[in-house]
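Peer 1: Before we start, here is the structure in question, set down as structure tokens.
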Amino acid sequence: MASTPSSLSAVQLRAYFALTEVAGLLKHAVEQQLRDVGDLSWVQFQLLARLGLDSATGSERMTDLADGVVYSRSGLTYQAGLLEKAGLVTRAPSADDDRGVTVSITGAGRDRLATVMPGHVEVIRRQLFEPLSAKDTDALADLLVPVRDHMRAAPPRSATPRRRRES
């Protein structure tokens, strides 16, 4: 069966559905572990991990965090508020942007991250990497990195300008 330009081939569909199913199953397992061990949602974990593991200062602007985790600004504000209420982050006006907010991880946030990381790593290892050889893992990274980079070349939805409402 020939495919039209607007359709996907059977191999493309198989790859797409396998990728979405793997991503969904992995996210479900990770979310369960994060809730059970750290009382954290997936997005809350992503915020703490970006601040505690990826940031040299432990602080980032909210807009940069939203772009990094690909989450709406309003949703991120809500999640950061929950983390702040729990004492895991602080929020303050950005030093270099009058309208911006900077989020910083606290010592308690670093402790919570340290609590969930061993189990998090184990879930990732067991669910994703256990069935793969080292060569397969290299191949998977080689395939996914350029796809991610291609997708990141377009601004995430959190970075797109807000449209004004027509009066």
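Peer 1: If you average the alpha carbon positions of region 98-150 and of region 26-83, how far apart do those two centres end up, in angstrom?
Peer 2: 12 Å
Peer 1: Sticking with this structure for a sec: Given DSSP loops and a limit of at most 15 other Cβ atoms within 10 Å, what is the longest stretch of the chain that contains no such trypsin sites (Lys or Arg not before Pro)?
Peer 2: 1-98
Peer 1: Run through every distinct alpha carbon pair of region 21-153 and return the Kirkwood hydrodynamic radius in angstroms, one decimal place.
Peer 2: 16.0 Å
Peer 1: Divide by every residue of the chain the summed helix terms, -39500 (n - 2.57) for each DSSP H run of at least 4, and state the resulting mean residue ellipticity at 222 nm, rounded to the nearest 500 deg cm²/dmol.
Peer 2: After summing the helix terms and dividing by the residues of the chain, the value is -19000 deg cm²/dmol.
Peer 1: Helix by helix, which DSSP H runs in the chain go 15 Å or more along their axis at the Cα atoms and have an average Kyte-Doolittle hydropathy of 0.0 or more?
Peer 2: 10-38, 107-124
Peer 1: Picking from GLY38, TYR16, ILE124, whose Cα lies most toward the positive end of the charge dipole for the chain (charges on Cβ: Lys, Arg +1; Asp, Glu -1)?
Peer 2: My answer, from the dipole projection, is TYR16.
Peer 1: Select from HIS28, GLY81, SER133 the residue farthest towards the positive end of the dipole of region 21-153; place +1 on Cβ of Lys and Arg, -1 on Cβ of Asp and Glu, and compute about the Cα centre.
Peer 2: Towards the positive end, the residue furthest out is GLY81.
Peer 1: A follow-up question, please. Would you mind computing, in nm to one decimal, how far apart the modelled labels at ALA15 and ASP96 are, each placed 7 Å from Cα along Cα→Cβ?
Peer 2: Inter-label distance under the simple model: 3.8 nm.
Peer 1: A further question on this structure: In terms of the Cα gyration tensor, with a ≥ b ≥ c the square roots of its eigenvalues, is region 4-83 rounded because a/c is under 1.5, prolate because a/b exceeds b/c, or oblate?
Peer 2: Prolate is the answer for region 4-83, as a/c is 1.5 or above and a/b outweighs b/c.
Peer 1: In percent, what relative contact order does region 72-161 have, based on Cα pairs under 8 Å that are 6 or more apart in sequence?
Peer 2: This gives 21 percent for region 72-161.
Peer 1: With +1 on the Cβ of every Lys and Arg and -1 on the Cβ of every Asp and Glu, and nothing else charged, how large is the dipole of the chain about its Cα centre, in debye rounded to the nearest 20?
Peer 2: 540 debye
Peer 1: Return a whole-number percent for the relative contact order of the chain, with Cα pairs under 8 Å and 6 or more residues apart as the contact set.
Peer 2: 25 percent
Peer 1: Please give the contour-minus-distance gain from THR115 to LEU132: 0.36 nm per residue of separation, less the Cα-Cα distance, rounded to one decimal in nm.
Peer 2: Full-extension gain reported as 3.4 nm.
Coordinate-derived values only; no laboratory data. As the structure is a prediction and not an experimental result, all values here were calculated from the model. Ideal geometry is used to build each Cβ from the backbone, glycine not excepted, and the neighbour counts take in all protein chains shown.
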